[in-house]
1. Does Ile12 satisfy the criteria of being exposed (fewer than 15 other Cβ atoms within 10 Å of the Cβ) and aliphatic (A, V, I, L, M)?
2. Considering each of Ser78, Ser51 in turn, give the residue that is of a type outside the set (Val, Ile, Thr), touching a Pro at 6+ places or on another chain (Cβ under 7 Å) and on the phi < 0 side of the Ramachandran plot.
3. Any residue at all in segment 76-83 that's modelled with pLDDT under 95 and of a type in the set (Phe, Trp, Tyr)?
4. Which of the residues that make up segment 27-54 are assigned to a loop (DSSP other than H, G, I, E, B) and touching a Leu at 6+ places or on another chain (Cβ under 7 Å)?
5. Looking at Lys108, Lys90, Lys141, can you tell me which residue is loosely packed, with under 12 Cβ neighbours inside 10 Å and touching a residue at least 60 places away in the same chain (Cβ under 8 Å)?
6. Is there a residue being under 20 Å from Asn2 (Cα atoms) and either of a type outside the set (Phe, Trp, Tyr) or assigned to a loop (DSSP other than H, G, I, E, B) (or both) anywhere in segment 62-75?
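The values are calculated or read from the model by the stated rules, or taken from the named source; none is laboratory data. Not measured: the values here are computed from a predicted model. We place every Cβ from the backbone using ideal geometry, glycine too, and count neighbours over all the protein chains shown.
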Amino acid sequence: MNLFVSQFSNKIDKKGRISLPSLFRNALPKSSKNEIILFKSLKYKAIEACSSERINQISERIDALDIFSDDQEDFSTSIFSEIIPTNIDKEGRFQIPDQLKNYSNIDKEVMYIGQGHYFQIWEPTAAIERQKKSRQRLIEKRKTLSSILTKSSE
């Protein structure tokens, strides 16, 4: 399975389009190579982006919650009501809708951050700060890859 990995910065062109990095385009499932799903991050002032297959996985997990719970309703409302399916043109370009640009403080440039099965789109300065904080938190808590790999094999 292909994953969204690495980081890339890209400028928004005069028509408001940005190019999806080819490494990310190649990670999209063949069934949805020309579409990505965009929505507001629940945790950061950033945009989450993924394939429709990933949204279906998220839907299954939300559906597994108690149908009468606040969590089920909150996740459903916060995710599904704000999803914006976005087409990618033949050159790999797409537009970020204004409401998502405003939410994430994106103006003229973006930074893509790979997250495995999805990716994030950030305002570049905020992305760099987020990366520093994530790494610092891992270092402070003495987290290593072996600590998560051994837990999954137990």
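1. Against the criterion (exposed (fewer than 15 other Cβ atoms within 10 Å of the Cβ) and aliphatic (A, V, I, L, M)), Ile12 does not qualify.
2. So the residue among Ser78, Ser51 that is of a type outside the set (Val, Ile, Thr), touching a Pro at 6+ places or on another chain (Cβ under 7 Å) and on the phi < 0 side of the Ramachandran plot is Ser51.
3. yes
4. Ser51
5. Lys108
6. The answer is no; no qualifying residue exists.
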